[in-house]
Amino acid sequence: MNDVVWTPSPEYVERANVTRFMRAHGIETYDELVRRSTDDIGWFWDAVVRDLDIGFYEPYRQVVDRSRGPAWATWFTGARVNVAHQCVDVWAERTPDAVAVIWEAEDGEVRRVTYAELRRLTDRLANGLRSLGVGPKDTVGIFLPMAIETVAAVMACSKIGAIWVPIFSGFGPDAVAARLADAGCRVLITADGSLRKGSAVPMRATAVAAADAAGCVERIVTWRRLWAARGSSGVAAGDVPHTGMAVPDGGTARAGDTADERHVDWDELLAGQPDRFETERLDSEHPLFIGYTSGTTGRPKGVLHVHAGFLVKIAEEVAYQVDLHPGEILHWVTDLGWIMGPFEIVGALALGATVLLTEGAPTHPGPGRLWETVARHGVTTLGVSPTLIRALIPYGAAYVHEHDLSSLRILASTGEPWNPDPYRWLSREVGGDRLPIINLSGGTEVGACFLSPHPITPLKTGTLRGPALGMDVDVWGPDGGPVPRGEVGELVCRQPWPSMTRGIWGDPKRYLETYWSRWPDVWVHGDWASIDEDGSWFLHGRSDDTLSVAGKRLGPAEVESVLASHPAVMESAAIGVPHEVKGETIWCVVVLRPDAEASGDLAKELRRLVADHLGRSFMPGRVVFAPELPKTRSAKIVRRAIRATAVGEDLGDLSSVENPASLDAIRAALAAP
């Protein structure tokens with residue numbers, strides 16, 4: 001195999017959870033494991049439950065039921081289960097003194113809770129929510145920064161059987177309201193504020209405005225993150241800040257307004273509640289949470305996940321893909337509103353390990369914060385996005401090397417396809433070329449991963465290695481069959497999997513049209529993928545971002561990787577715009593490194609660079625410079641919004657875009673002569 005950048009040592013193979021699984025079932029090779037896991041998905045997922053000792057109150061009669069077709073498959077029929085039982089109760093009994101969650105605030109405050117303490121906090125909150133009338137299948141919005149209280153909110157809702165609705169902590173009122181209204185949330189759990197890049201974010205004010213607009217919220221439970229009350233007088237003027245910083249607009253930053261009948265103070269709600277809550281024994285298909293993912297137009301899509309399927313699949317991924325063990329620490333740079341938030345919380349706790357959550361930005365108060373955090377807490381598994389690494393590279397490797405990162409065993413990534421140079425930088429500067437990069441890809445609606453390496457196989461630069469276990473995926477061409485090796489096609493899945501969404505909330509027709517309408521009984525995910533001659537898989541961007549020039553198609557990542565090789569370029573986005581002759585031509589929006597200067601000569605140089613690497617037919621028609629690209633809070637570049645800006649089309653749903661003002665600067669750059 002050419003371009004292999006990491007090969008597992010005997011220690012990695014011997015210690016891997018997936019090795020234990022293989023030996024238990026007499027499986028000798030990785031390829032045989034993948035084949036068996038997809039040839040008989042019923043056998044595989046039953047074996048996972050047993051290997052990971054996932055606790056069902058009552059056993060299932062059938063692993064998978066496809067009687068209504070693959071789009072509506074159900075799992076673990078007849079079982080009784082609860083995510084919170086496996087993630088909290090089991091370990092509070094087995095390892096009560098083990099640390100479950102570590103929280104690090106942006107101002108340096110650190111708190112830890114053991115499994116016993118997490119159970120007590122979770123049970124008291126569950127009792128509190130029950131006292132507010134929250135019952136099974138009621139929807140509860142969770143609009144919180146990443147914190148111990150966030151984990152308690154997720155698990156308390158799960159214990160009750162309520163459906164939790166994770167919402168990005170950086171959303172504005174309109175985006176929050178849209179999700180609350182779509183899910184019909186009766187209760188919203190929020191914080192008075194949070195810290196990000198040294199400033200107080202008034203989350204309570206956003207929550208109140210969103211609740212007013214949504215029209216369905218009856219109660220707003222507010223955790224005091226920034227303000228602590230003197231005595232028990234609620235939110236009186238005597239409240240004092242937790243932090244030493246000035247909080248703008250103290251009235252909105254505080255826990256709430258006592259005149260608002262909807263307001264419930266977190267501490268007062270928990271005061272006097274019993275320390276034990278009888279966890280509900282739920283049907284395996286009982287709804288767990290609604291995760292929102294953006295649509296190209298109209299309202300965002302709320303995808304529904306259920307208890308048993310999500311628990312089993314995520315536990316399997318965190319055990320076998322990122323190889324987490326009890327006593328180890330998983331930290332993913334994420335927010336609860338991105339699927340990786342539920343992934344790290346449920347995955348780490350289901351295995352009795354520790355999850356580390358951080359408030360604020362990974363680059364504040366300085367560009368070395370992430371590496372300092374890893375060293376201080378002894379993180380063993382670190383998850384990042386390619387975009388974050390591209391943003392950190394210009395600061396230099398010195399910020400990495402001044403910290404002891406020897407605790408790390410696994411680097412992981414997701415979000416977008418890698419460019420080669422940032423991938424190699426992560427491997428070399430952070431991993432010392434001694435760590436695997438578990439580059440995985442799935443989606444909110446997948447509830448997990450279609451593609452992922454495991455730490456027992458060699459890895460090439462940027463590869464996802466191959467199918468995740470139990471995922472019957474392939475790469476198809478327009479004719480509905482596999483493409484030849486080396487060619488790009490649509491990523492598809494031919495069989496259901498446990499964490500597959502049970503549909504788009506309130507819109508089953510949209511679910512079928514979005515994922516199942518192109519080929520019968522085949523899920524089409526909307527990603528371009530390819531498999532090289534050695535069997536390594538790669539992604540090439542979203543298929544709806546495809547560039548088609550004179551009948552030749554390529555993914556934007558191919559153009560962007562070429563541009564990223566130029567020393568002046570930090571990141572870029574390639575889009576296709578209409579062209580009278582070619583059908584489409586390529587335009588590129590480029591963000592330069594801080595020490596580089598935009599010029600017409602540099603634009604010409606970049607155009608020639610793409611032509612030299614990809615061929616003259618793919619030379620960009622335009623290269624323009626902008627201070628930033630529009631991104632979601634999960635660091636995905638929203639290319640469709642850039643294209644819509646360029647051609648004057650409707651921008652569609654921008655509620656997930658963290659920095660919509662970036663489009664104004666791009667519009668101005670495109671309008672310049």
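The values are calculated or read from the model by the stated rules, or taken from the named source; none is laboratory data. None of these values were measured; they are calculated from a predicted model. With ideal geometry, Cβ positions are generated from the backbone for all residues, glycine too; neighbour counts draw on all protein chains shown. Protein only, heavy atoms only, side chains kept; ligands, DNA and RNA dropped before computing areas. Shrake-Rupley method; radii C 1.70, N 1.55, O 1.52, S 1.80 Å.
Quick check: residue separation of Ala598 and Val4 times 0.36 nm, minus the Cα distance between them. What number comes out in nm?
210.3 nm
Counting heavy atoms of the protein chains only and a 1.4 Å probe, report the per residue accessible area for the range 397-503 as a whole number of Å².
27 Å²
Report the net charge of residues surrounding Arg94, where surrounding means a beta-carbon distance below 13 angstrom and charges are Lys +1, Arg +1, Asp -1, Glu -1.
-3
Would you mind calculating the relative contact order of the range 470-611 from Cα pairs under 8 angstrom and at least 6 residues apart, reporting the percent as a whole number?
Over the range 470-611, the number comes to 16 percent.
What accessible area per residue, rounded to a whole number of Å², is obtained for the range 20-102 using a probe radius of 1.4 Å?
Value returned for the range 20-102: 46 Å² of accessible area per residue.
Find the relative contact order for the range 1-88 and round it to a whole percent, using C-alpha pairs within less than 8 Å whose residues are 6+ positions apart. Don't skip to the answer; put the middle values down first.
Details: 60 pairs, mean separation 16.2, N = 88.
For the range 1-88, the relative contact order is 18 percent.
Before I look further, what does the range 154-205 give for accessible area per residue, probe 1.4 Å, in whole square angstrom?
21 Å²
Which net charge results for the neighbourhood of Val483, defined as the other residues with beta-carbon distances under 11 angstrom from its beta-carbon, given Lys and Arg at +1 and Asp and Glu at -1?
-3
Could you pull out every one of the lysines with an alpha carbon less than 21 Å from that of Lys582, ignoring same-chain neighbours closer than 8 positions?
Lys552, Lys604
Within 10 Å, count the other beta carbons around each residue, average over each peptide in 511-521, 36-46, and list them highest first.
Most protected by this proxy first, the peptides run 36-46, 511-521.
Defining a contact as two alpha carbons under 8 Å apart and six or more residues distant in sequence, what relative contact order in percent does the chain show?
That works out to 13 percent.
What lysines does Lys301 reach when the alpha-carbon gap must be under 28 Å and sequence neighbours fewer than 8 apart in one chain are set aside?
Straight-line reach from Lys301, under 28 Å: Lys137, Lys159, Lys313, Lys509, Lys631, Lys636.
Determine the dipole magnitude for the range 1-66: charges of +1 sit on the beta-carbon of Lys and Arg, -1 on that of Asp and Glu, nothing else is charged, the reference point is the Cα centre, and the result goes in debye to the nearest 20.
The calculated dipole for the range 1-66 is roughly 140 debye.
Counting only protein heavy atoms and a 1.4 Å probe, tell me what percentage of the chain's accessible area is made up of carbon and sulfur.
Roughly 49 percent of what the probe reaches on the chain is carbon or sulfur.
Could you give the length gained on full extension between His325 and Glu14, defined as 0.36 nm per residue of separation minus the Cα-Cα distance, in nm?
On the way: separation 311, 0.36 × 311 = 111.96 nm, distance 1.34 nm.
Net length gain for the segment: 110.6 nm.
For Gly466, enumerate residues with amide H under 5 Å from its amide H, sequence gap 5+ or separate chain, H modeled in the peptide plane.
Residues meeting the criterion, in which the H sits 1.01 Å from N, are Ser452, Trp537.
Please find the FRET efficiency linking Thr29 to Ser517, where r is the Cβ-Cβ separation and R0 is fixed at 41 Å, and quote it to the nearest 0.05.
So the FRET efficiency works out to roughly 0.65.
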